[in-house]
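Undergrad: Below: one structure in structure tokens.
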Amino acid sequence: MKNEENINHLTAHLFRENSGKMVAVLSRLFGLHHIDTVMDVVQDTFESVLTQWRFSGVPDNPSAWLMKVAKNKAINALKRENKTKSFSPSLYLTHFDDSFENQFDILLSPKEIQDSQLRLLFACCLPDLSQKNQVILTLHILCGFGVPEIANAMLMNNEAVKKVIARSKDQLKELNNILQTRLITLSEERIQTVHTILYLMFNEGYKTTRSKKGINNDLCYEAIRLAKLLDHKNAPRQHETQALLALMFLNISRFPARVNMQEEWLTLEEQDRSKWDKVFIEEGYYYLNKAVESKSVTRFHIEAIIASLHCSASSFEKTNWEEISKLYRILEQLEPSGLVKLNRIMAESYISNSKSIQAIDKLKSNLLFKDNFLLSAAKGDVYQRKGQFKNSLSSYEEALQLAVSPADKKFLKKKISQYKQNQN
Amino acid sequence: MKEFLMLIRENLDNYGKMTPEEMQADIAKHVKWVEQLVKNGNFKGGNPLMPMGKHVKGNNKMVTDGPYIETKEGVSGYYFLLANSLEEAAEIAKGCPSLQIGGTVEIREVIQTQQ
């Protein structure tokens, strides 16, 4: 037991991060068909350090310590499985003998750990799975998220998450050989899937952070951590990765200003811009500058530039809506979706709102907005700026009927009560 | 100051249900608690125990895996606390983070036989 004053403390999310690292290294050795054994070994590792560190305090290099415990537990698990003859090693591990320990040690350099994580990330983005399920699988396997944490972050119930994980893992097991080859991490096609998954993971976190702080912010940080793995010079589409990182950093810079003391989310207009995180903004610009060296322009580039325009406006009134509208038009070409269109219409409404209501109404036929509160809420906002308060109130009331998430409801109720107060 | 043994009993199966994030939070709480004990001069020592043990019973010295058959509840660790009275020791024990995850603690005064 350490009696000294300077007891080490664990950095935030160290376990979670190391969970992904350990799973990545172990599954490279064991093969993905042994993913259940791998996950058991990792869980076992945490349990044994839990009992010890509670009493002894945290060792100097907890990550290395965890990996060492995992290694010993893995060797024991292999010996056990070998005895029952159920163990067939991965291709990497051509045969299980004394050289196993050496092979293990080679995989423990920072570069190899990074590489193992990258391979696992690409493997988790299984094209056969729905995008949402790819996100769930990645969160579970690579980010160390437990079932309740995923359920909370993805607004699902525990049972549904468990089912998705079990089914997805079965598919992962069939991919035994993939982790052995570097080819998959260099595949142009797969990297686009990986980008999309990280983008979704980020958006999922971004969306739900409206309601609560905490775990859902973590989804955004995890997406950034994984995207950083993709930012190396041999990786395909590196500029796209950098654009993705830029847009992530520029968007999370606003987190400290997004929610007020009452846990209500604030619009861009209501936010105190002095609270925006300057370090994240700088980081965003750093990646943006690198990303624009590219010859091609992707949706991530455009979205990052839009975010940068918001970040560089000293006040809401000074927002460069002309430029932002133009960028949304380009984005519409690259990514034709109702949501992009709605964003473009809203950006244009700050220049002139004479045709905005008609434009929003035209989106009604889009399936994306069926039973969705966004169009009504957007109209409420435009009517309000037009000074048509009765129309605005009824639009917000319509939106409230359709809204599902508590945070969205809270936001709309606030808008409605503001009107009612003004009437009195 | 008198010396007290504090035994922590926990459902040892509980660990398996915790996520990495929860386990990390649990460690942090314990570390903080011990820091506090050290600072206040209430800490003498302590160690965790392996979850598996042997139970030897009776004249025939029957060896089993443990007295607890129905539940996996067992002693997960012990502390030696320093306090002026059993009441004070119990008050200190209330801060043990294991209580937050369903554990129980038992405090017994250590009789000093060698003066």
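Undergrad: To the nearest whole number, what is the average tally of beta carbon atoms from other chains within 10 Å of the beta carbons of peptide A:137-144?
TA: Average neighbour count from other chains, rounded to a whole number: 1.
Undergrad: What FRET efficiency, computed as 1/(1 + (r/R0)^6) with R0 = 45 Å and r the Cβ-Cβ distance, is obtained for B:Lys94 and B:His55, rounded to the nearest 0.05?
TA: 0.90
Undergrad: For the pair A:Leu266 and A:Ser315, how long in nm is the line joining their label points, each one 7 Å along Cα→Cβ?
TA: 1.5 nm
Undergrad: Within 10 Å of each Cβ in peptide B:26-39, how many partner chain Cβ atoms are there on average? Round it to a whole number, please.
TA: Per residue, the average neighbour count from other chains is 5.
Undergrad: Sticking with this structure for a sec: Stokes-Einstein D for the stretch A:197-287 at 25 °C, 0.890 mPa s, Kirkwood Rh over Cα pairs, in µm²/s?
TA: D, rounded to a whole number, is 181 µm²/s.
Undergrad: Per DSSP helix of 4 or more residues, -39500 (n - 2.57); summed, then divided by the residues of chain A. What does that give at 222 nm, rounded to the nearest 500?
TA: -21500 deg cm²/dmol
Undergrad: Relative to the longest principal axis of chain A, what angle (0 to 90°, nearest 10) does the C-alpha long axis of helix A:215-230 take?
TA: Roughly 70 degrees between the two axes.
Undergrad: For the stretch B:2-109, build the convex hull from the C-alpha positions and give me its volume per residue in Å³.
TA: 113 Å³
Undergrad: Only Cα pairs within less than 10 Å get springs; with that Gaussian network setup on chain A, which residue of A:Thr11, A:Thr45, A:Thr138 has the largest fluctuation?
TA: Sorting by GNM fluctuation, first place goes to A:Thr11.
Undergrad: Here's something else I'd like to know. What is the local net charge at B:Gly16, summed over the other residues whose Cβ is closer than 10 Å to its Cβ (Lys, Arg +1; Asp, Glu -1)?
TA: Overall, the nearby charge balance is -2.
Undergrad: If Lys and Arg each add +1 and Asp and Glu each add -1, what is the summed charge of the other residues whose beta carbon sits under 13 Å from the beta carbon of B:Glu87?
TA: After counting each charged neighbour, the total is -1.
Undergrad: For chain A, take the longest principal axis of its alpha carbons; what is the angle in degrees between that and the long axis of helix A:110-124, to the nearest 10 within 0 to 90?
TA: Rounded to the nearest ten degrees, it is 60.
Undergrad: Under 8 Å for C-alpha pairs, at least 6 residues apart: give me the relative contact order for chain B, rounded to a whole percent.
TA: Reported as a whole number, the value is 50 percent.
Undergrad: Averaged over B:10-18, how many beta carbons belonging to a partner chain fall within 10 Å of each residue's beta carbon?
TA: 3
Undergrad: Something else now. Counting only other residues whose beta carbon sits under 10 Å from that of A:His9, what net charge do I get with K and R as +1, D and E as -1?
TA: That works out to 0.
Undergrad: Per residue Cα convex hull volume for the stretch A:314-374, in cubic angstrom?
TA: 92 Å³
Undergrad: I've got another one for you. In chain B, if the dipole is taken from +1 on Lys/Arg beta carbons and -1 on Asp/Glu beta carbons about the Cα centre, which of B:Ala89, B:Phe4, B:Gly16 is farthest to the positive end?
TA: The listed residue farthest towards the positive side: B:Phe4.
Undergrad: Moving to a separate point now. For helix A:278-291, report the angle its Cα long axis makes with the longest principal axis of the Cα atoms of chain A; keep it between 0 and 90° and round to the nearest 10°.
TA: Rounded to the nearest ten degrees, it is 80.
Undergrad: A further question follows. In bins 10 Å wide, starting from 0, what share of all Cα pairs of the protein assembly as shown does each bin hold, as a percent?
TA: P(r) over the protein assembly as shown, rounded to whole percents: 3, 15, 22, 22, 17, 12, 6, 2, 0, 0.
Undergrad: Among A:Lys275/A:Lys370; A:Lys370/A:Lys413; A:Lys163/A:Lys362; A:Lys162/A:Lys410; A:Lys111/A:Lys169; A:Lys413/B:Lys17, which pairs are too far apart, with a Cα-Cα distance over 28 Å?
TA: Distance filter (> 28 Å) returns A:Lys275/A:Lys370; A:Lys163/A:Lys362; A:Lys162/A:Lys410; A:Lys413/B:Lys17.
Undergrad: If I take R0 = 51 Å and measure r between the Cβ atoms of A:Ser354 and A:Lys233 in this structure, what FRET efficiency does the formula 1/(1 + (r/R0)^6) give, to the nearest 0.05?
TA: So, using R0 = 51 Å, E works out to roughly 0.55.
Undergrad: R0 = 41 Å: FRET efficiency of A:Gln388 with A:Gln131, Cβ-based, nearest 0.05?
TA: 0.55
Undergrad: Sequence neighbours fewer than 8 away in the same chain don't count; with that in mind, list the lysines whose C-alpha is under 18 Å from B:Lys44.
TA: A:Lys2, B:Lys2, B:Lys32, B:Lys94
All of the numbers you see were taken from the coordinates with simple rules; none came from a lab. Remember, it's a predicted structure, so these values are computed and weren't measured experimentally. Please note: Cβ atoms are built from the backbone with ideal geometry, for glycine as well, and neighbour counts cover all protein chains shown.
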